[in-house]
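These notes are about the structure you will find just below.
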Amino acid sequence: MVFSHVFSGLIDLSNDKTKQTAGNLLVNLVKPLVNNIVNLLLDSDFSFQDFTFDKKAGSGLTGKSGVYLIINKPKKRVYLGGCADLSQRKGEHKLSLTNPTRTQKKLALAMREDLRNGSAEDFFFVPLLIIPPTAIKGLSNTEQSFTVNQQITSFIDAFVEKPCTPGL
């Protein structure tokens, strides 16, 4: 079962208007994917086998931005996230789920509560939207306060993640 969609268009982050247009486009791609997964979870029809936190060679996530879900299987709860490097974020979440000293700082509050009542094996990582680096233009290389990755992550958080977060 594959849920990820590789974005083939262009995301222009050069100004507020083009960011909003790109954000709306991505929301229209991500929202149905999130809703489909939530419905499968609620109906107990979701197949978790391909979405463990184990490292997979050739996953196609390294160096690619995107949107993902973390699913708590027993609770049937989902957490939506976005980042500039899906592979790196997956690894960060795996460390946070398995290392109690990182848990307090690196996981969302709701995930921390679920982890206290369960285990790291209850969580699964589902990439929803993969954005190749060539699909993003208009990033500022002159802004000293934000790196390129921070600009991408900030865009995904504001324009995609917040509008698509399910109300479970």
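If Lys and Arg each add +1 and Asp and Glu each add -1, what is the summed charge of the other residues whose beta carbon sits under 15 Å from the beta carbon of ASN117?
Computed value for this residue: +2.
Can you bin the stretch 1-99 into rounded, prolate or oblate? Criterion: square roots of the alpha carbon gyration tensor eigenvalues sorted a ≥ b ≥ c, rounded for a/c under 1.5, prolate for a/b above b/c, oblate for the rest.
Oblate is the answer for the stretch 1-99, as a/c is 1.5 or above yet b/c matches or exceeds a/b.
Would you work out if the chain is rounded, prolate or oblate? Take a ≥ b ≥ c from the square roots of the eigenvalues of the alpha-carbon gyration tensor; rounded if a/c is under 1.5, else prolate when a/b is larger than b/c, oblate otherwise.
Verdict is prolate for the chain.
With θ taken as phi - 60° and the coefficients 6.51, -1.76 and 1.60, list the Karplus ³J(HN,Hα) couplings across the stretch 112-117 in order, rounded to whole Hz; mark glycine and proline as x.
Going residue by residue, I get 4, 4, 5, 5, 4, 9 Hz, with x marking Gly and Pro.
Given contacts defined as C-alpha pairs under 8 Å and at least six residues apart, what's the relative contact order of the chain, whole-number percent?
RCO, the chain: 38 percent.
So for the pair LEU42, ALA120, with labels modelled 7 Å out along Cα→Cβ, what separation do we get in nm?
It works out to 3.2 nm between the two label points.
Straight-line reach from LYS76: which lysines have Cα under 25 Å away, leaving out those fewer than 8 places along the same chain?
Once the sequence-local lysines are set aside, what remains near LYS76 is LYS31, LYS55, LYS56, LYS90, LYS94, LYS105, LYS106, LYS162.
Each reported figure results from applying straightforward, stated rules to the coordinates on display, with no laboratory input. All figures in this text were calculated on a predicted structure; none of them were measured in a lab. As a convention, Cβ positions derive from the backbone with ideal geometry for all residues, glycine included, and neighbour counts pool all protein chains shown.
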